[in-house]
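Below are the structure tokens for one structure; questions will follow.
The values are calculated or read from the model by the stated rules, or taken from the named source; none is laboratory data. What you see is a predicted model; the values in this text were computed from it and never measured. Virtual Cβ from ideal backbone geometry, glycine too; neighbours counted across all protein chains shown. The area values use the complete protein model at the heavy-atom level, side chains included, leaving out ligands, DNA and RNA. Shrake-Rupley method; radii C 1.70, N 1.55, O 1.52, S 1.80 Å.
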Amino acid sequence: MSSVAISKKTGFGATLWDYLTTVDHKKLGNMYFFAGLLFFAIAGFEALLIRIQLMVPNNDFVSAGLFNELLTMHGTTMLFLAATPLLFGFMNAIVPLQIGARDVAFPFLNSLGFWLFFLGALFLHLSFFMGGAPDAGWTSYASLSLYSPGHGIDFYVLGLQISGAGTLISGINFIVTIITMRAPGMTFMRMPLFTWTTLISSALILFAFPPLTVGLFFMLVDRMFGANFFDHTMGGNTIIWEHLFWIFGHPEVYILVLPAFGLFSEIIPVFARKRLFGYSSMVFATILIGFLGFMVWAHHMFTTGLGPTANAIFAVATMAIAVPTGMKVFNWILTIWGGSIKVTVPMIYALGFIPSFVAGGVTGVMQATAPLDYQLHDSYFIVAHFHYVIVGGIVTAIFGATHFYWPIMFNRVLNEKLGYIVFWVFFIGFHLTFFLQHFLGLMGMPRRVFTYQADQGWDLYNFISSIGAIMMGIGVILLVVNMLLSIKGKPVNQRDYWGDGRSLEWALVTPVPFYNFKQTPLIRGYDPYWIEKHEGNKEGMTYAEPLGDIHMPHGSILPLIMSIGMFIAAFGALYHPDGVSWSVPVIILGIGITVACMILRSFKDDLGYHVHKEEIIALEEELYGKGGNK
Amino acid sequence: MGHDTHVQEKSVAQYEFNRKKNAVEMRKQVVNFAIMILFTFIAFAVVVADFSPYFIKPVILLLAGVQVALQLYAFMHMGEKKAPFIGVINTFVWLGAVIAFTFFLCFLTIIWW
């Protein structure tokens with residue numbers, strides 16, 4: 001029997017096997033979190049190398065070719081392999097608890113999604129050791145990438161194809177989980193905001209990843225099998241890639257930022273000790289941002305020559321997004337307004353987030369103005385804008401939520417003092433790095449250049465920017481140190497660590513047993529735990545059923561093997577253009593492994609198992625002492 | 001889920017009825033799947049056989065139209081009126097249609113012409 005809760009002494013092999021086969025959403029959440037953190041560190045290191053290269057003019061710290069590879073891998077890794085899994089980590093760990101579910105709707109697919117993502121990411125990173133990383137930017141525009149020598153772009157295409165499939169699977173899983181597995185009484189309009197934003201961003205994944213898959217597939221057959229979708233000399237059209245990429249790429253930004261909004265919408269009411277202001281407008285703003293996110297992709301392409309009509313339509317649509325986003329910002333401010341504010345580490349991240357994100361939003365509206373965008377396009381102004389949105393919006397949310405949810409996820413606390421130090425080092429470093437880049441852009445410094453001439457007025461700003469980047473690096477290292485220190489910390493062993501929790505996840509005593517709720521809770525309103533607390537309910541929740549047997553899914557190694565199959569097939573496809581004899585057999589072998597696992601899975605009925613009442617009572621006593629979770 | 005599991009015995013008639021219904025459903029799925037494969041094959045065949053473009057284009061578009069309808073009604077169960085969360089499902093399908101239409105419009109207006 002698997003259990004996240006008890007630290008029974010088990011051997012290393014057994015623990016490893018447990019993690020390789022687990023379908024438990026909490027364990028997968030932790031795995032997503034640490035995999036994301038690993039790639040966050042790698043991409044952050046690449047960013048540091050980029051900033052060291054740009055620290056002084058005419059620098060030759062890295063070569064131009066390596067610079068292109070670093071810049072491409074920094075962008076690709078941060079968006080696909082760091083931010084996405086970190087947020088998926090929180091979604092996995094928290095959303096089922098927030099809606100009162102025992103697990104996600106498809107635990108097997110949850111595990112498959114993780115392993116596909118992880119092996120796809122691994123495949124992409126192997127490019128560094130196997131003849132050069134992709135070097136056409138994270139957007140990989142076809143007119144550049146089709147002619148990139150070596151295998152870099154092939155690694156990009158295949159790696160993202162595999163990890164994208166994993167993301168799509170996880171997205172579908174969350175949609176089904178949130179729609180069908182809410183506890184009794186948890187109506188749509190009682191769902192916590194993080195659950196709402198997870199639902200909407202999963203819906204965006206559902207609609208946005210297929211265009212990316214199509215685009216990557218076209219690129220794959222163009223580069224590896226001699227098709228001509230993007231080759232204009234053969235009747236193709238290179239602009240099609242740009243459209244397909246941005247049809248995916250713009251919603252991708254909202255896929256990342258909406259859960260970040262959701263995390264702050266959880267953090268702020270807890271520490272303002274006040275109900276979230278304008279809950280229903282928050283929900284509709286989320287839906288509206290999600291919908292409008294699909295109607296604006298061409299604003300990345302104003303200068304490709306779409307014509308004035310198309311530019312005008314997309315400019316107006318883009319500006320319209322500022323309206324629901326503004327609603328959200330005002331709602332957060334009004335939640336804080338008049339609250340009995342307790343400043344803690346998560347709260348200070350929230351307080352830092354609001355002005356930083358608004359700054360990024362304002363420059364976004366500036367770029368939405370198509371005529372102005374002709375001036376700003378491909379300059380450092382753009383770099384400053386999207387880093388303000390991504391670091392100021394998403395990374396602060398991830399760091400804040402790390403502190404906020406650490407007690408639930410790991411039953412430990414992150415050090416508060418060190419947390420403040422990390423915040424200030426990181427926050428000041430972030431503004432030093434990116435604020436001046438606005439002006440570098442306005443002074444004409446183009447993005448994606450590996451060096452620049454001295455005495456154009458850029459030297460000082462670039463130097464300060466690099467100092468800021470080093471501060472951000474120190475901040476991240478200290479955060480990891482804080483995480484490591486927490487291993488030795490005292491176990492929390494209580495519910496509602498922050499004292500003012502409102503939603504259902506705080507009603508659970510940590511460590512959370514593997515079945516989450518021994519009895520499914522009954523939801524009697526928005527902020528269910530707050531309601532129960534105020535009515536003096538010592539157990540934190542009203543139950544919707546008597547204590548009984550719990551039906552749980554079995555673990556399985558198949559997801560890992562299926563993903564390894566795809567991983568092997570990718571190597572065959574990668575070396576196919578070289579004309580090696582083994583490429584097709586390797587593709588067949590890899591896909592064969594995957595298909596064999598699928599067949600095995602569909603013929604072997606796995607109906608899960610029941611945890612019996614007596615076992616539950618025994619486990620609860622072991623975890624919480626006599627009387628169990630009371 | 002966590003209730004003391006309540007098992008409802010099915011009557012023989014109910015069992016037989018479900019069995020027949022499932023068999024019919026399965027047959028439909030397999031037939032539709034075969035039709036999809038056949039259409040795809042025809043689409044490839046007319047191109048490989050080097051017919052006149054004035055023949056190929058309408059035939060492929062027609063087949064594609066039928067495939068879209070089959071996809072929606074046979075495989076995505078658009079025809080079913082009663083299902084849990086049918087409202088949510090329909091919302092998703094129509095939203096997807098609206099979004100896909102935007103892309104379609106974009107390809108027709110600003111990419112190819």
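So for the protein assembly as shown, taking the charge dipole from beta-carbon charges (+1 Lys/Arg, -1 Asp/Glu), which of A:PRO269, A:HIS243, A:GLY75 sits furthest toward the positive end?
A:PRO269
Now for a separate question. How big is the protein assembly as shown by the Kirkwood estimate over distinct Cα pairs, in Å?
27.6
Solvent-accessible area per residue for region B:9-79 at a 1.4 Å probe radius, Å²? Could you put the intermediate results ahead of the total?
Numbers: 5730 Å² over 71 residues.
The answer is 81 Å² per residue.
Given the options A:VAL492, A:LEU20, A:TRP138, identify the residue whose Cα lies farthest towards the positive end of the charge dipole of the protein assembly as shown (+1 on Cβ of Lys, Arg; -1 on Cβ of Asp, Glu).
A:VAL492
B:LYS57: which lysines have alpha carbons under 30 Å from its alpha carbon, excluding same-chain residues fewer than 8 sequence positions away?
Those lysines meeting the cut-off are B:LYS28.
OK, next. Using a probe radius of 1.4 Å on protein heavy atoms only, what is the accessible area buried between chains A and B, both sides summed, to the nearest 100 Å²? Write down the numbers at each step before the final one.
Numbers: alone 24040 and 10080 Å², together 32020 Å².
Approximately 2100 Å² gets buried when A meets B.
Now a separate question. Over all directions, the average projected area of the alpha-carbon convex hull for region A:156-251 comes to how many nm²?
On the way: hull surface 28.1 nm².
Spelled out: convex hull of the Cα atoms, projected over all directions, averaged, 7.0 nm².
With a cut-off of at most 15 other beta carbons within 10 Å, and DSSP calling the residue loop, which GluC sites (Glu not before Pro) in region A:517-561 qualify? Please list them. Intermediate values should be presented prior to the final figure.
Values: sites: A:GLU532, A:GLU535, A:GLU539; in loops: A:GLU535, A:GLU539.
In loop regions of region A:517-561 (DSSP not H, G, I, E or B), the sparsely surrounded GluC sites (Glu not before Pro) are A:GLU535, A:GLU539.
Next question. Can you give the FRET efficiency to the nearest 0.05 for B:ASN32 and A:LEU607, using r as the Cβ-Cβ distance and R₀ = 25 Å? All intermediate terms of the calculation are to be shown ahead of the outcome.
Details: r = 29 Å, r/R0 = 1.14.
It comes out at approximately 0.30.
Right, something else. Which Cα, out of A:HIS534, A:GLY339, A:VAL157, lies furthest along the positive dipole direction of chain A (beta carbon charges, K/R +1, D/E -1)?
Working it through, the farthest residue towards the positive pole turns out to be A:HIS534.
A further question follows. For region A:369-413, state the semi-axes of the equivalent ellipsoid (square roots of 5 times the eigenvalues of the alpha-carbon gyration tensor), sorted largest first and rounded to whole angstrom.
The three semi-axes for region A:369-413 are 37, 8, 5 Å.
Quick check: the distance between the Cα centres of region A:376-429 and region A:15-91, to the nearest angstrom?
Between the Cα centre of region A:376-429 and that of region A:15-91, the gap is 15 Å.
Which of the aspartates and glutamates could a cross-linker span from B:LYS20 if the Cα-Cα distance has to be under 19 Å and same-chain partners fewer than 8 positions apart are dropped?
Straight-line reach from B:LYS20, under 19 Å: B:GLU9, B:GLU80.
Treat every Asp and Glu Cβ in region B:9-79 as -1 and every Lys and Arg Cβ as +1, leave all other atoms uncharged, and give the resulting dipole magnitude about the Cα centre to the nearest 20 debye.
For this selection, approximately 200 debye.
So, one more: Packing-wise, with mean Cβ within 10 Å as the measure, how do A:56-63, B:13-20, A:618-625 rank, highest first? Numbers along the way, then the final one.
Working: A:56-63: 13.1, B:13-20: 10.5, A:618-625: 15.8.
In descending order of packing, they fall as A:618-625, A:56-63, B:13-20.
With a 10 Å radius around each residue's Cβ, average the other Cβ atoms per peptide and rank A:97-106, A:252-261, A:303-312, A:553-562, highest first.
Ranking the peptides A:97-106, A:252-261, A:303-312, A:553-562 by packing returns A:252-261, A:97-106, A:553-562, A:303-312.
Figure the gain on full extension for A:PHE128 and A:ARG273 (residue separation times 0.36 nm, minus the Cα-Cα span) and round it to one decimal in nm.
Separation in residues times 0.36 nm, less the Cα-Cα distance, equals 47.3 nm.
Would you work out what percent of the accessible area of region A:471-626, with all protein chains in place, is carbon or sulfur (probe 1.4 Å)? Numbers along the way, then the final one.
Working: 4960 of 7450 Å².
Accessible surface attributable to carbon and sulfur in region A:471-626 totals 67 percent.
Averaged over all directions, how much area does the convex hull of the C-alpha atoms of region B:9-79 cover when projected, in nm²?
If you wrap the Cα atoms of region B:9-79 in a convex hull and average its projections, you get 5.7 nm².
Here's a follow-up. Let me have the 222 nm mean residue ellipticity of chain A computed from DSSP H runs of 4+ only, each contributing -39500 (n - 2.57), with the sum over all residues rounded to the nearest 500.
Rounded to the nearest 500, the figure is -22000 deg cm²/dmol.
Leaving out ligands, DNA and RNA, and with a 1.4 Å probe, what % of the accessible surface on region B:9-79 is carbon or sulfur?
So the carbon and sulfur contribution to the accessible surface is 72 percent.
Would you mind calculating the gained length between A:VAL176 and A:THR304 on full extension (0.36 nm times residue separation, minus the Cα-Cα distance), in nm to one decimal? Mind dumping the intermediate values first?
Details: separation 128, 0.36 × 128 = 46.08 nm, distance 3.89 nm.
Going from the current span to full extension adds 42.2 nm.
Among all helices in chain A defined by DSSP H, which have a length of 27 Å or more along the axis from Cα atoms plus a Kyte-Doolittle mean of at least -0.5?
A:25-54, A:107-126, A:152-180, A:193-225, A:238-272, A:308-336, A:345-368, A:416-442, A:459-487, A:583-603
So if I average 1/r over every pair of distinct C-alpha atoms in region A:293-429 and take the inverse, what Kirkwood radius in Å does that give?
16.9
Using Cα-Cα distances under 8 Å and only pairs 6 or more residues apart, what relative contact order does region A:417-470 have, in percent?
58
Determine the per residue accessible area of chain A with all protein chains present and a 1.4 angstrom probe, expressed in square angstrom.
Value returned for chain A: 37 Å² of accessible area per residue.
Could you sort out which of B:LYS21/B:LYS81; A:LYS27/A:LYS490; A:LYS274/A:LYS417; A:LYS274/A:LYS342 sit more than 19 Å apart by Cα distance in this structure?
A:LYS27/A:LYS490; A:LYS274/A:LYS417
On a C-alpha basis, how far is the centre of region A:585-612 from the centre of region A:151-177 in Å? Whole number, if you could?
19
By how many degrees, between 0 and 90 and to the nearest 10, does the Cα long axis of helix B:86-106 differ from the longest principal axis of chain B?
10
Here's a follow-up. For region A:74-142, what % of the accessible area comes from carbon and sulfur atoms, probe 1.4 Å?
79
What does the charge dipole of the protein assembly as shown about its Cα centre add up to, to the nearest 20 debye, if the Cβ of each Lys and Arg holds +1 and the Cβ of each Asp and Glu holds -1? Walk me through the numbers before you get to the answer.
Values: 40 positive and 41 negative charges, 325 e Å.
With only Lys, Arg, Asp and Glu charged at Cβ, the dipole is about 1560 debye.
Something else about it: Give the distance, in whole Å, between the Cα centre of region A:514-567 and the Cα centre of region A:438-478.
47
Continuing with the same structure: Using a loss threshold of 40 Å², tell me which positions in region A:201-244 are less accessible in the complex than in their chain alone. Probe radius 1.4 Å, ligands and nucleic acids ignored.
Checking the loss per residue gives A:PHE207, A:ILE240, A:HIS243.
Just to check, using Stokes-Einstein with a Kirkwood Rh over alpha carbon pairs, what's the diffusion coefficient of region A:30-180 at 10 °C and 1.306 mPa s in µm²/s? Display every interim value, and only then the final one.
Numbers: Rh = 16.4 Å.
Once the numbers are plugged in, D ends up at 97 µm²/s.
Residues of region A:524-548 losing 30 Å² or more of accessible area relative to the isolated chain, 1.4 Å probe, heavy atoms only?
Buried on complex formation: A:GLU545.
How would you order A:353-361, A:413-421, A:262-270 from highest to lowest mean count of nearby Cβ atoms within 10 Å? It would help to have the intermediate numbers written out before the result.
On the way: A:353-361: 20.4, A:413-421: 16.2, A:262-270: 27.6.
In descending order of packing, they fall as A:262-270, A:353-361, A:413-421.
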